[in-house]
Structure formats: structure tokens, C-alpha cells
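Here is the structure we will look at.
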Amino acid sequence: MKVKNSNKHPEYFEAILQLRPASPKLIDFIASEIERRPDVKISKIVDFKTGIDIYLTNQRFARSTLAPMIKRKFDGKLTITKALYGRHRQTNKLIYRATILFRLDEESADEDGDNEKQDE
């Protein structure tokens, strides 16, 4: 996945997509969906031992479109939370950042690993 920059500062994000564990099929699916949307950019990708975090610039896309698509296509548990980030300077509205956690079922994660080994 390529990190794209928008007209906002390079580390701007509204949502974090956490994938635990990160399977190659899941990452490819998410990358293809994000590439189809010109209004969504990846600010940062952080790898962990247990998975991957993808920082996205569009919270509405992450919560309303991408999360349900992931849930339908892959077996796992989806948790969506939001945290208060601050207030908008001009409108005084509250600003939230979303965290979308997708925990892939262990059986599905094991199958992905087995399939990758067979493909080699």
C-alpha cells in the first residue's frame, strides 16, 4: 500500500483501522477499496507484532463503508469506537477520531497462512 498525501498536513487522520492479525488477503482488499476512492488517503501505516494500523483521512468512509464491507467479506469481530479529539475553532462543534478494530478469526487467519504457503 502506498501512503498518499492530501492537501492537509502529511500526518492528518480522522480514523485508525486496526487489523489483528493482518492477513495478506485482507490488506489487499482494503488497499483496493481505498485506491478506488479519491477522497480517502492513507496518512500512515504502523506495523505491530500482532497486526497493522492504517491511518485514514476520511472517518465517514472508514466507519460507514469500509468497516461493513470488511465484516461481510471476512470472518471476524468488528468494533467501532470514537474518541473526542477537540473542538472546531469556527463552529465550536466537537471533533471525534474513530478507531475501527477488526479481529480476524483465528481459523481464518490460519487458513490464510496455509494458503500462502501452498501458493509458493
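Scanning the stretch 66-87 for residues that are assigned to a helix (DSSP H, G or I) and either in contact (Cβ under 8 Å) with a residue 24 or more places away in the chain or crowded, with 19+ Cβ neighbours inside 10 Å (or both) returns 66, 67, 69, 70, 71, 73. Of all the criteria given as (1) under 12 Å from residue 100 (Cα atoms); (2) touching a residue at least 40 places away in the same chain (Cβ under 8 Å); (3) in a helix (DSSP H, G or I), the one not satisfied by residue 54 is (3).
Only residues that are assigned to a strand (DSSP E or B) and out of contact with any helix residue (DSSP H, G or I) (no Cβ under 7 Å at 6 or more places or on another chain) were counted across the stretch 9-51, and they come to 8.
Every read-out reported here was derived from the displayed coordinates using simple, explicitly stated rules and does not represent laboratory data. As the structure is a computational prediction, the values presented were derived from the model and not from experiment. Positions of Cβ are backbone-derived with ideal geometry, glycine not excepted, and every protein chain shown enters the neighbour counts.
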